[in-house]
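Participant: Structure provided below as structure tokens; questions to follow.
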Protein chains: 2
Amino acid sequence: MSFADHIRACNNYDPARVVPLVAGERRIGLLRRDNAAALARFPAVFAVAPDRVHLVARGDVDAVSAAVDEVVEALVVENRVPKWRNETFDIAPRWGEAPVFRLDRGAVAFFGARAYGVDLNGYRRDRRGLQLWVGRRAPDKRLAPNKLDNLVAGGIGNGYGVAATLAKEAEEEAGIPASLIERAVPVGAITYLMENEIGIRDGVLFVYDLELPAEFVPQNRDGEVVHFELMPAASVIERIRATDDFKFDVNLVFLHFALRHGLLGIDDPEYLDVASGLHRPLD
Amino acid sequence: MSFADHIRACNNYDPARVVPLVAGERRIGLLRRDNAAALARFPAVFAVAPDRVHLVARGDVDAVSAAVDEVVEALVVENRVPKWRNETFDIAPRWGEAPVFRLDRGAVAFFGARAYGVDLNGYRRDRRGLQLWVGRRAPDKRLAPNKLDNLVAGGIGNGYGVAATLAKEAEEEAGIPASLIERAVPVGAITYLMENEIGIRDGVLFVYDLELPAEFVPQNRDGEVVHFELMPAASVIERIRATDDFKFDVNLVFLHFALRHGLLGIDDPEYLDVASGLHRPLD
């Protein structure tokens with residue numbers, strides 16, 4: 001393994017395998033060609049052309065969401081989309097714009113819609129240097145079971161903002177109270193584009209750092225993390241270099257932390273791969 | 001102006017206007033088509049094809065450098081390349097690889113060779129918050145005269161490493177002694193690809209942060225900076241948003257600082273433009 005392997009794994013997107021999903025003239029997703037073909041039997045909702053798929057369902061956000069949802073139900077029956085999670089994401093051409101529709105979280109990668117999340121690095125400084133809190137994902141997680149993870153991470157669901165998602169996930173996943181999470185500092189975003197089993201993961205992670213007091217010990221409340229461990233940050237980075245123990249995109253988040261905190265030496269042979277590989281330009 | 005305008009200005013590269021310069025099978029530059037055409041009369045050094053230009057001069061690094069240098073002399077006479085600066089850059093397919101030849105700094109953009117530099121954010125914290133040292137470039141600088149600049153910045157010349165360049169420029173440009181510059185922390189790199197008057201600027205900036213003591217006052221020693229000023233970091237960022245007062249790529253370096261230090265709010269409408277716009281992927 002190498003740092004570049006992790007970056008490549010999250011950026012294995014191949015434009016030749018994909019057609020855009022458009023609403024009007026705006027792109028709202030990236031459909032793998034097999035997924036595009038599977039939409040051809042829903043002509044009231046999607047018009048499938050060789051070079052693109054148009055969303056043709058009409059009406060307000062509720063009406064379009066309901067029309068797409070019927071398609072998603074059929075895709076679930078066909079095992080093209082995993083059982084949904086009763087959590088919807090807003091689908092829009094760009095962050096901050098009004099949503100065109102709401103989509104079940106389980107179907108987001110099928111349509112290659114951009115998915116936004118938050119990720120929190122919880123760290124503390126002691127005489128041994130920087131320490132990072134690392135969690136282990138529960139064995140029943142659908143995505144990346146048993147993998148090592150950041151202290152707090154979660155998708156930004158419909159109706160939640162970035163800060164509200166962070167506060168909610170911080171409380172549920174790690175028992176971080178509101179009085180503590182409000183000290184978290186936004187430090188950038190990571191962007192990547194990855195083909196997975198379902199389709200295309202167009203990922204945007206808003207990253208926060210939170211320096212935690214020595215007496216703080218995280219406590220999981222939603223069953224998604226089996227335990228937390230405080231690890232020397234330098235050990236986390238060397239474990240990322242050598243193993244596949246961390247969830248795919250968490251490798252990128254910790255490398256971003258390492259860069260910003262001077263944990264990667266300028267003479268590291270992968271320095272520029274890391275420094276230039278965590279922020280795929282958004283269109 | 002906006003943050004995105006500055007990012008776009010540094011990434012106005014259009015692949016349709018350019019052909020690769022290759023050595024063997026490896027790309028070592030990006031030639032604007034008019035520049036490629038101008039090389040056709042040096043067939044012993046460059047073989048110009050419609051879709052690429054091959055470096056055909058043979059021999060060791062010294063021999064190839066001398067052959068290219070003769071071409072550069074002719075280009076200077078034709079005013080295609082500015083008068084050179086007696087400083088050469090190592091030209092290689094990738095950072096860390098052995099150089100194919102050395103090239104006069106003035107000609108680097110003509111060939112679209114990747115140019116590496118260092119950039120130092122010098123800051124201090126006081127009761128008013130984060131303060132940044134900002135310099136004003138001398139009126140006789142060839143590039144971006146009179147523009148505002150970072151505390152220390154410089155190109156990485158042939159034979160110098162990153163840290164050695166930083167130490168040298170820190171002493172010459174701002175009077176920062178070795179005992180202080182060794183505390184500078186590497187915090188990432190900025191990458192951009194820009195067409196300018198001469199050709200293509202394929203820029204990589206290694207970025208450092210240095211927290212400076214209250215008693216430190218920079219002193220320029222090489223005449224390249226007319227004065228330094230300590231400014232509130234928040235004012236620097238708002239001035240970048242509103243004006244074109246800073247050198248083109250310095251806008252990106254200070255935006256990178258702002259992101260990492262939590263000076264950009266997550267609700268800033270340009271947050272994702274900045275977070276995803278400072279690190280063009282390297283090939």
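The values are calculated or read from the model by the stated rules, or taken from the named source; none is laboratory data. Since the structure is predicted, the reported quantities are computational estimates derived from the model, not experimental observations. Because the Cβ atoms are built from the backbone with ideal geometry, glycine has one as well, and the counts that use them run over all protein chains shown. Just the protein is used for accessible areas: all its heavy atoms, side chains included, with ligands, DNA and RNA removed. Shrake-Rupley method; radii C 1.70, N 1.55, O 1.52, S 1.80 Å.
Participant: Hey, among B:LEU120, B:LEU193, which residue is in a strand (DSSP E or B), touching a strand residue (DSSP E or B) at 6+ places or on another chain (Cβ under 7 Å) and closer than 15 Å to B:LEU230 by Cα?
Facilitator: Numbers: B:LEU193 fails: closer than 15 Å to B:LEU230 by Cα.
Among B:LEU120, B:LEU193, only B:LEU120 is in a strand (DSSP E or B), touching a strand residue (DSSP E or B) at 6+ places or on another chain (Cβ under 7 Å) and closer than 15 Å to B:LEU230 by Cα.
Participant: Could you list, in sequence order, the residues of segment A:123-148 that are part of a strand (DSSP E or B), under 23 Å from A:ASN196 (Cα atoms) and open to solvent by 50 Å² or more (accessible area, probe 1.4 Å)?
Facilitator: A:ARG136
Participant: Please pick out the residue among B:ASN220, B:ASN146, B:ASN158 that is in contact with a Ser or Thr (Cβ under 7 Å, 6 or more places away or on another chain) and over 30 Å from A:HIS256 (Cβ atoms). Spell out the reasoning first.
Facilitator: Numbers: B:ASN220 fails: in contact with a Ser or Thr (Cβ under 7 Å, 6 or more places away or on another chain); B:ASN146 fails: in contact with a Ser or Thr (Cβ under 7 Å, 6 or more places away or on another chain).
On inspection, the qualifying residue turns out to be B:ASN158.
Participant: For B:LEU151, indicate whether it is away from every other protein chain (no Cβ under 14 Å), on the phi < 0 side of the Ramachandran plot and buried (at least 23 other Cβ atoms within 10 Å of the Cβ).
Facilitator: yes
Participant: Can you tell me which of (1) touching a residue at least 40 places away in the same chain (Cβ under 8 Å); (2) open to solvent by 40 Å² or more (accessible area, probe 1.4 Å); (3) not β-branched (Val, Ile, Thr) is the one A:ALA38 doesn't meet?
Facilitator: (2)
Participant: Separate question: Any residue in segment A:180-198 that's more than 7 Å from chain B (Cβ to nearest Cβ): show its pairings with residues that are acidic (Asp, Glu) at Cβ separation under 6 Å, as long as the two are six or more apart or on different chains.
Facilitator: From segment A:180-198, the pairs are A:LEU193/A:ASP202.
Participant: From the list B:GLY112, B:GLY106, B:GLY96, which residue is out of contact with any helix residue (DSSP H, G or I) (no Cβ under 6 Å at 6 or more places or on another chain) and at pLDDT 95 or above? Break it down into steps so the answer makes sense when it comes.
Facilitator: Working: B:GLY106 fails: at pLDDT 95 or above; B:GLY96 fails: at pLDDT 95 or above.
None of the others qualify; the one that does is B:GLY112.
Participant: So, of the residues in segment B:62-96 that are closer than 16 Å to B:TYR160 by Cβ and free of Cβ contacts under 8 Å to residues at least 60 places away in the same chain, which turns out to be most open to solvent (accessible area, probe 1.4 Å)?
Facilitator: Initially, segment B:62-96 is screened for residues closer than 16 Å to B:TYR160 by Cβ, giving B:85-92, B:95-96.
Okay, now just the ones that are also free of Cβ contacts under 8 Å to residues at least 60 places away in the same chain, so B:85-86, B:96.
Numbers: B:ARG85: 93, B:ASN86: 147, B:GLY96: 76 Å².
Ranking the qualifying residues of segment B:62-96, first place goes to B:ASN86.
Participant: Out of the residues in segment A:266-283 that are free of Cβ contacts under 8 Å to residues at least 40 places away in the same chain and at the interface with chain B (Cβ under 7 Å from one of its Cβ atoms), state the one that is nearest to B:PHE257 (Cα to Cα).
Facilitator: From segment A:266-283, those free of Cβ contacts under 8 Å to residues at least 40 places away in the same chain are A:266-269, A:271-272, A:275-276; that's our starting set.
Next cut, at the interface with chain B (Cβ under 7 Å from one of its Cβ atoms) only: A:266, A:269, A:272, A:275-276.
Working: A:ILE266: 18, A:PRO269: 24, A:LEU272: 18, A:ALA275: 14, A:SER276: 16 Å.
In this case the residue turns out to be A:ALA275.
Participant: Restricting to segment A:167-198, give me the number of residues that are crowded, with 22+ Cβ neighbours inside 10 Å and at positive phi.
Facilitator: Number of matching residues: 1.
Participant: Every residue in segment B:212-258 that is touching a residue at least 24 places away in the same chain (Cβ under 8 Å) and acidic (Asp, Glu), please.
Facilitator: Scanning segment B:212-258 gives B:ASP222, B:GLU224, B:GLU229, B:ASP244, B:ASP245, B:ASP249.
Participant: Quick one: how many residues across segment B:97-117 are open to solvent by less than 50 Å² (accessible area, probe 1.4 Å) and in a strand (DSSP E or B)?
Facilitator: Going through segment B:97-117, the residues open to solvent by less than 50 Å² (accessible area, probe 1.4 Å) turn out to be B:99-101, B:103-104, B:106-117.
Those left that are additionally in a strand (DSSP E or B): B:101, B:103-104, B:114-117.
Of the residues in that region, 7 qualify.
Participant: Go through segment B:141-183 and give me each residue that's of a type in the set (D, E, K, R) and farther than 26 Å from B:ASP90 by Cα. Break it down stepwise before answering.
Facilitator: Residues of segment B:141-183 of a type in the set (D, E, K, R): B:141-142, B:147, B:149, B:168-169, B:171-173, B:182-183.
B:LYS147, B:ARG183 - these are the residues of segment B:141-183 that are of a type in the set (D, E, K, R) and farther than 26 Å from B:ASP90 by Cα.
Participant: Step by step: first the residues of segment A:53-93, then only those that are of a type in the set (A, V, I, L, M, F, W, C) and part of a loop (DSSP other than H, G, I, E, B), then the one that is modelled with the lowest pLDDT. Which residue is that?
Facilitator: Taking segment A:53-93 as the starting set, the residues that turn out to be of a type in the set (A, V, I, L, M, F, W, C) are A:53, A:55-57, A:61, A:63-64, A:66-68, A:71-72, A:74-77, A:81, A:84, A:89, A:91-92.
Pick out the ones that are also part of a loop (DSSP other than H, G, I, E, B) and you get A:56-57, A:81, A:84, A:92.
Values: A:VAL56: 98, A:ALA57: 98, A:VAL81: 93, A:TRP84: 68, A:ALA92: 96.
Selected residue: A:TRP84.
Participant: Another one. Give segment B:227-265 a look and list any residue that's farther than 22 Å from A:PHE257 by Cα and among the hydrophobic types (A, V, I, L, M, F, W, C), or say none. Walk me through it before giving the result.
Facilitator: Narrowing segment B:227-265 to residues farther than 22 Å from A:PHE257 by Cα: B:227-232, B:234-251.
If the condition is that a residue be farther than 22 Å from A:PHE257 by Cα and among the hydrophobic types (A, V, I, L, M, F, W, C), then B:PHE228, B:LEU230, B:MET231, B:ALA234, B:VAL236, B:ILE237, B:ILE240, B:ALA242, B:PHE246, B:PHE248, B:VAL250 are the ones that fit.
Participant: So A:LEU282 ticks every box in (1) closer than 28 Å to B:LEU193 by Cβ; (2) assigned to a helix (DSSP H, G or I); (3) not charged (D, E, K, R) but one. Which box is left unticked?
Facilitator: Here A:LEU282 meets the rest and fails (2).
Participant: Counting only residues that are open to solvent by 30 Å² or more (accessible area, probe 1.4 Å) and more than 11 Å from B:ILE200 (Cβ to Cβ), how many does segment B:1-19 have? So that I can check it myself, show each step before the final result.
Facilitator: So in segment B:1-19, the residues open to solvent by 30 Å² or more (accessible area, probe 1.4 Å) come out as B:1, B:5, B:8-9, B:11-17.
Then drop every residue that is not more than 11 Å from B:ILE200 (Cβ to Cβ), which leaves B:1, B:5, B:8-9, B:11, B:16.
Residues in segment B:1-19 being open to solvent by 30 Å² or more (accessible area, probe 1.4 Å) and more than 11 Å from B:ILE200 (Cβ to Cβ): 6 in total.
Participant: Can you tell me how many residues in segment A:224-265 are open to solvent by 20 Å² or more (accessible area, probe 1.4 Å), part of a loop (DSSP other than H, G, I, E, B) and within 14 Å of another protein chain (Cβ to nearest Cβ)?
Facilitator: Selection size over segment A:224-265: 4.
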